[in-house]
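This report concerns only the one structure given below.
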Amino acid sequence: MSDDSQVRRVPTALVIAVVVQTIGGLVWAGGAAARIATLEQRVSEQRLVAERLARLETQGEATAAAVERIERRLEGGRVSG
């Protein structure tokens, strides 16, 4: 082998290494993007659950207040009745 063929092999190997690294980086970036999209979807779902929970808490408080009013009326009716 001549010196010229060895000199040509080094750049070819370097180019192949860069191409492989680039492909690996793109695959990693694609996986990261998919994971980020999944996390964003979960956060969105959690927001909806939190909003629903807040509404349910408000409804529960209103129901408890209504039950308390009913109990007071019933107790008041027994005393005067």
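What follows draws every value from the coordinates through simple rules; no lab data is involved. In this text, all values refer to a predicted model and were calculated from it rather than measured experimentally. Quick reminder, even Gly has a Cβ in these numbers, built from the backbone with ideal geometry, and neighbours come from all protein chains shown.
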Q. Going by alpha carbons, how many degrees (0 to 90, nearest 10) lie between the helix axis of 3-80 and the longest principal axis of the chain?
A. 0
Q: Would you work out which of ALA65, LEU14, TRP28 lies farthest towards the positive end of the dipole of the chain? Charges go on Cβ: Lys and Arg +1, Asp and Glu -1.
A: ALA65
Q) Per the helix-only calculation at 222 nm, which mean residue ellipticity applies to the chain, given -39500 (n - 2.57) for every DSSP H run of n ≥ 4 and division by its residues, nearest 500 deg cm²/dmol? A) -37000 deg cm²/dmol
Q | Cα centre as origin, Lys/Arg/Asp/Glu Cβ charges: the chain dipole, Debye | A | 220
